[in-house]
Amino acid sequence: MKNRTATTAETPEALLNDLRALVNDAELMLNASPGENGCEAITALRVRFDSAQKRLTDFYTITKNRITAGVKYTDEAIRTKPYQALAIALGAGLLVGVLLGRRGK
């Protein structure tokens with residue numbers, strides 16, 4: 001599978017922080033009194049919003065591609081060794097069942 005490291009621009013935390021900052025700036029602009037800098041502030045906010053929207057779209061596309069690659073890899077592994085996959089699933093189910101059974105007592 002591909003390398004799963006992400007740059008800081010692609011991490012969900014960085015994207016969420018940017019979106020929070022954008023929302024805070026929008027709230028400050030709405031609460032501020034209208035002045036001659038209103039159009040400039042709206043334009044700057046719109047540019048930041050468009051940039052955040054593009055980054056979110058890119059992040060979604062990258063994540064979707066990674067998930068699709070993982071699903072294909074898993075499907076291929078199961079098809080090449082079905083009995084091992086069945087044994088692993090049985091073992092995991094048994095382990096979860098034992099742990100849940102102990103929890104109920």
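Any read-out appearing in this document is the output of simple, stated calculations on the displayed coordinates, not a laboratory observation. Values in this document were obtained by computation on a predicted structure and should not be read as measured data. Don't worry about glycine lacking a Cβ; one is built from the backbone with ideal geometry, like all the others, and counts go over all protein chains shown.
Projecting the Cα atoms of A41, L16, A85 onto the charge dipole of the range 12-104 (Cβ charges, centred on the Cα centre) puts A85 farthest toward the positive pole. Karplus-derived 3J(HN,Hα) values for the range 51-66, using 6.51 cos²θ - 1.76 cosθ + 1.60 with θ = phi - 60°, are 5, 5, 5, 5, 5, 5, 5, 5, 4, 4, 5, 4, 5, 4, 5, 5 Hz; glycine and proline are entered as x. Simple rule: put +1 on each Lys or Arg Cβ and -1 on each Asp or Glu Cβ in the range 12-104, find the dipole, and look at A52, G104, I67; the Cα lying farthest toward the positive end is G104. Extension gain, R46-T74: 0.36 nm per intervening residue step, less the Cα-Cα distance, totals 5.9 nm.
In terms of overall dimensions, the range 42-96 has a Cα radius of gyration and Dmax of 20.3, 61 angstrom. Backbone phi angles across the range 92-103, fed through the Karplus curve with coefficients 6.51, -1.76 and 1.60 (θ = phi - 60°), yield HN-Hα couplings of 5, x, 5, 4, 5, x, 5, 5, 6, x, 5, 5 Hz in residue order; Gly and Pro are listed as x.
With the highest mean first, a sort of the peptides 94-104, 49-59 on other beta-carbon atoms found within 10 angstrom per residue produces 49-59, 94-104.
With a Förster radius of 35 Å applied to the C-beta separation of D58 and V98, the computed FRET efficiency comes to 0.20.
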